[in-house]
Amino acid sequence: MKKLIIKIGLYFFLLLLCLEVLVRVFHLAKDAPTRYVDDYQVEKWRPNQSGYSVTGNRRQNFSEFHINKFGFNSYREFKATKENFEVALVGDSFIEGFHQNYYNSIGKKIENRIDTISVYEYGYAGYDMADQLHLISQYKDQFKYIDIVVLGLKYENDLFRDKYEVEKSRMSLESPFNRALKHCKLLVYTKSIGALKPITDFVANLKNFRKEKNRNVSPKEVDLDKEVETRIDNLNSLINLYGFNKAKFCFLLDETNTPPKFLDYLKEKNYKYIGIGEKLKESRKNTTLIYDMHWNNNGRSIVADEIVDYIKNENIQLVK
């Protein structure tokens, strides 16, 4: 019996080892760059990292990323100057672009359409409006030379905070234990395809057991007007804290998923925005990935076109 158990354990270990080799050889698991908080309390990726992002259980989407010296996924370094015309794209994973080869990013698409400008992409997964305005305020010496700053704004999840604080939940992913787990590509792969979801859900349910007991009361209906007012208040608080240059800042948003009351507020306060929702919905081709709601190449091209139109409308001299 003892020999049988030893043999089963040995075969199981060899099976896991073979699967680990297969996952690495066929690059089925995504690479995990290291994140950190810099001296200005800005969370971003550690500079000079490269790797591959993988989406789907059969590598439906496979793309290369490159973290530049400043800590963002980009095909270029950030060297803003007073003489050149420069655009900054600031936002979350949609701007970060791990789902597209870094040399075919939204910024690169914009430069291909207007070859007289430089585009810098300050994208980082999880950034909300507090992260973005804090970043700009901390690097004001760099942003003062940038002519247009486009800030990604998703109404549904970007305005929950009225001030910036480092997200401890994201930084906990960089604990020694989590970093060690990420070295096992088989584990990363099985988690990414949802194979470990029953286990993680079970653990989460155990942690929230006490909370579940108190969920017999029916949830109150959401007061949409009050929700909009709260998010407007949060936006006002962030702008008062970190500043907002109306002359060169604008929002990038899906106007079809944003309440009219919030859009009216932006117009009333003369905050510029680029609406991309209608154009994305008009497309006959898919604009998102199959197993991921991030923009695919077509979606990113549409977004780039809308930003290009805005840049040209704001700066007639760039139109050839």
>> If I ask for residues that are under 21 Å from residue 47 (Cα atoms), hydrophobic (A, V, I, L, M, F, W, C) and surrounded by 19 or more Cβ atoms within 10 Å (Cβ to Cβ), which ones from region 109-132 would you list?
In response: 119
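Table: residues versus (1) within 18 Å of residue 132 (Cβ to Cβ); (2) β-branched (Val, Ile, Thr); (3) surrounded by 13 or more Cβ atoms within 10 Å (Cβ to Cβ).
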site: 236; (1), (2), (3): yes, no, yes
site: 239; (1), (2), (3): yes, yes, yes
site: 250; (1), (2), (3): yes, no, yes
site: 261; (1), (2), (3): no, no, yes
site: 267; (1), (2), (3): no, no, no
site: 272; (1), (2), (3): yes, no, yes
site: 278; (1), (2), (3): no, no, no
>> Looking only at region 136-159, count every residue that is within 19 Å of the chain's Cα centre (by Cα), modelled with pLDDT of 95 or more and either among the hydrophobic types (A, V, I, L, M, F, W, C) or surrounded by fewer than 14 Cβ atoms within 10 Å (Cβ to Cβ) (or both) and tell me the total.
In response: 6
> How many residues are surrounded by fewer than 15 Cβ atoms within 10 Å (Cβ to Cβ) and in contact with a strand residue (DSSP E or B) (Cβ under 8 Å, 6 or more places away or on another chain) when one looks only at region 48-69?
Replying inline: 2
> With (1) closer than 18 Å to residue 150 by Cβ; (2) under 20 Å from the mean Cα position of the chain (by Cα); (3) not hydrophobic (A, V, I, L, M, F, W, C) as the list, and residue 53 as the residue in question, which single condition is left unmet?
Replying inline: (1)
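What number of residues within region 236-258 satisfy the criterion of being assigned to a loop (DSSP other than H, G, I, E, B), under 22 Å from the mean Cα position of the chain (by Cα) and not hydroxyl-bearing (Ser, Thr, Tyr)?
The qualifying residues number 2.
Check every one of the strands (runs of 3 or more DSSP E) wholly within region 1-81 and list those with 1 or more residues that are over 27 Å from residue 295 (Cβ atoms), in contact with a helix residue (DSSP H, G or I) (Cβ under 9 Å, 6 or more places away or on another chain) and at pLDDT 95 or above.
The qualifying strands (runs of 3 or more DSSP E) are 35-37.
The values are calculated or read from the model by the stated rules, or taken from the named source; none is laboratory data. Remember, it's a predicted structure, so these values are computed and weren't measured experimentally. Using ideal geometry, Cβ is built from the backbone for each residue, glycine included, and neighbour counts are taken over all protein chains shown.
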